[in-house]
Structure formats: structure tokens, C-alpha cells
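Structure record follows, encoded as C-alpha cells.
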Amino acid sequence: MAPLILITGAAGLIGHYLVKTAPRWALQWDVRGITRQDVDLTDAASLTGLVRSLKPLAIIHCAALSRTKDCERDPDSARRINVEATAHLAQLSQDIPFIFLSSGEVFDGRAGWYGEEDEPNPINVYGRTKLEAEQAVLQKSGHTVVRIVLTAGTSETGDRSFVEEMSRIAKAGKDVTLYADEFRCPLPAGVIARAIWELVDHKQPGLYHLGGSERLSRWEIGEALLPRYPELTGRLMKGSARNHVGSPRPVDLSLRCDKIQSFLSFPIPGFCEWLVGRTEAGADLWDYPDGGPLCW
């Protein structure tokens, strides 16, 4: 029998893609995705019972309260889900590989192109809970933290990626304001999933950054999506982070990814590079291809 690997947050964007791509990239594993219908991660007793009954030989922890505004509204829930549940899972996994998906939001966004050695300084509740969770995870020498970025893709519920959110707002007849001075390095979920599966095989725990090779403003990202999302036409409005009202948002969360790139079997693409290549090939926009010239 193949060894069992558990993926939490399987109904979310990255968890969904990890389960979906397992037959392609994780043939040596018996993959099981779990959702809140299977277990409440904040119920320590139930979580302990599930893990002990299934006896996985590795865990990839994707589940989180990830919307910044939700974390600001309910910091107690954010801490229970993002910190306490993660710390408990890491403890339950002390003798097996454990990969935790964190976020570039642990940085304040003042500098950009952050490397793993740069000092975190979160400016919102989400970032603070992710950083605290990282610290709990990395107490175990065999555990891994991967800081990811703005992620594109198609979720089962249709509301988990920034692309889906933009499309939903535009289809409702509303304008989408995108800041021309707020920068990210977005990646498709399929690329992240493949990189995570290769990280599992690499068996080198630690802290890694995983973002696209292009630093783009929110406005540039929206313009790049226009050819494939016609509902955005006429709905994109250029704005400035200087006028932002609401939850604190780091201005520049571009990440340096040399460390993880050093062992990946493919070059991490830039977002625009990905869109152009997929469009020219007539391929499904967010799925990672099986092979050929687009298999970077």
C-alpha cells in the first residue's frame, strides 16, 4: 500500500489543486484531502482522533482563515484557526514530514523582493497569525514552511481566487478598483501544487518562498487578464494604495524564490508569461500541463 498523505483545506484553492494534481505528480502517495466536513481543526480532540486513526506519513496543511478582512473582524477566530490548529497539527506530526502553507503577508511590504533571511514585520492580523504559526511549525527540525503569494485558479466553490473574485464583481455590474502602486508576484495554483509535490519529494525541510518571477502591480495583473476575462472590460478602475481604506495591506510583497527554484525540475514562470503561453496553446488557463513546451 502507498503511504498516506493528508491535505487539510482540500476545499480551498491550493488544497483542491494538490488533490487534483496528485495523480500526475504524487503517484507514490495515497492522497486524502480533508475539509471542515471531515473535522473541525479547532477541535483539538477531534483533530487528534482523526490523525491518530488515519496514521498519515506526511501532512500538507493548507487550511486557514485567509481573507484579511475576516481576520481583522474576528482576530480570535483567526488565531484559533491559523495559529492554534496549526501548532496542534505540527505537534501531532512531530515524527513525520509536515508542510505548512504560510503567506508573504508576514512582511510589511515596504521593501519588496523579500528573501527567506529577511525579517518579518506583519501589519495586519492575518500576517501576525501566519508568522506565529510559522514559529510553532519551525520548532520541529523536520517541518517545512512555504510562503506563497497571490494565487490564480478555479476553485470548487468559485470564490477562492482573486481572479474569481474580480470576475464575480464585474459580472454583478460593479467596477473593480486595482491599485497601480501595490505589487505582488502572482502564480497559478497549478504551478504552486506542482512545486509543493516536488518539495515533498525533495525531503529538505525548512523555510521557502514560492512566488512568480514577475513583480506586477494589481493594475497590471488586471490588464493581463482582460483577453481571457471579457467581463472585466470597462470595469477595471485604476486606483492608488495611498487612498486605501480598510484592513492594512502591504504595498509590495514580491518574493525571491532562488532557494526553492534550486531544486525544482521547472523554472517558476511569471504570471504574464504563463497567460501568454497558455492562451497561445489554447490550453486550460490554470491547469498545469502534462508536458510539452509549456511544462516549464
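Every number here is computed from the coordinates shown, using simple stated rules; none is lab data. Everything numeric here is computed off the predicted structure, so don't read it as measured data. Positions of Cβ are generated from backbone atoms using ideal geometry, with glycine treated the same way; all protein chains shown enter the neighbour counts.
Restricting to Cα atoms and excluding each atom paired with itself, what does the Kirkwood estimate give for the chain in Å?
Details: mean 1/r = 0.0513 Å⁻¹.
One decimal place: 19.5 Å for the Kirkwood radius.
Looking at the square roots a ≥ b ≥ c of the eigenvalues of the Cα gyration tensor of the stretch 183-293, which shape do they give, rounded for a/c under 1.5, prolate if a/b is larger than b/c, or oblate? Intermediate results must be reported in sequence, preceding the final value.
Details: a/c = 2.76, a/b = 1.30, b/c = 2.12.
Oblate, because a/c is 1.5 or more while a/b does not exceed b/c.
Can you count the Lys pairs in the chain with C-alpha separation below 22 Å, eight or more apart or on different chains?
Lysine pairs meeting both conditions in the chain amount to 14.
Just grab the label-to-label distance for Glu273 and Gln204, each label 7 Å out from Cα along the Cβ direction, in nm (one decimal).
With each label placed 7 Å out from Cα toward Cβ, I get 2.0 nm.
Show me, for the stretch 226-238, the HN-Hα J-couplings you get by feeding each phi into the Karplus relation (A = 6.51, B = -1.76, C = 1.60, θ = phi - 60°), rounded to Hz, glycine and proline as x.
The phi angles translate into 3, x, 9, 10, x, 5, 7, 4, x, 9, 7, 10, 7 Hz.
Calculated from DSSP H runs of 4 or more alone, at -39500 (n - 2.57) each and per residue, what is the 222 nm mean residue ellipticity of the chain, nearest 500?
-10000 deg cm²/dmol
About its Cα centre, how strong a charge dipole does the chain have in debye, to the nearest 20, once Lys and Arg get +1 and Asp and Glu get -1 at the Cβ?
Details: 33 positive and 38 negative charges, 61 e Å.
The dipole of the chain has a size of about 300 debye.
Taking the Cα centre of the stretch 71-219 as origin and charging only Cβ (+1 Lys, Arg; -1 Asp, Glu), how large is the dipole, in debye to the nearest 20? Before the final figure, lay out the partial values.
Numbers: 17 positive and 23 negative charges, 57 e Å.
Result for the stretch 71-219 is approximately 280 debye, rounded to the nearest 20.
Quick one: among Pro188, Pro122, Pro227, which has the greatest mean-square fluctuation in a GNM of the chain with alpha-carbon springs under 10 angstrom?
Comparing Pro188, Pro122, Pro227 in a Gaussian network model of the chain, the most mobile one is Pro227.
Just to be sure I understand: with springs between alpha-carbon atoms less than 10 Å apart, which residue in Ser53, Ser213, Ser66 has the highest mean-square fluctuation in the Gaussian network model of the chain?
Ser53
In the stretch 191-233, which residues have a backbone nitrogen under 13 Å from the label point lying 7 Å from Ser141's Cα in the Cα-to-Cβ direction?
Hits in the stretch 191-233 for Ser141 at 13 Å: 205-206.
Thr233 to Gln37: extension gain in nm, 0.36 nm per residue of separation minus the Cα-Cα distance?
Working: separation 196, 0.36 × 196 = 70.56 nm, distance 3.79 nm.
Contour length minus Cα-Cα distance gives 66.8 nm.
Output wanted: per-residue J couplings in Hz (rounded whole) for the stretch 27-34, from phi through Karplus 6.51 cos²θ - 1.76 cosθ + 1.60, θ = phi - 60°, x for Gly and Pro.
So the J values, rounded to whole Hz, are 5, 7, 10, 8, 9, 10, x, 10.
Could you list which residues have their amide H under 5 Å from that of Leu65, counting only those 5 or more apart in sequence or on another chain, with H placed in the peptide plane?
Amide H neighbours of Leu65, under 5 Å, 5+ apart: Asn82.
Tell me, what HN-Hα J-couplings in whole Hz come from the Karplus equation 6.51 cos²θ - 1.76 cosθ + 1.60 at θ = phi - 60° for each residue of the stretch 113-125, using x for Gly and Pro?
6, 6, x, 4, 7, 6, 6, x, 7, x, 10, 9, 4
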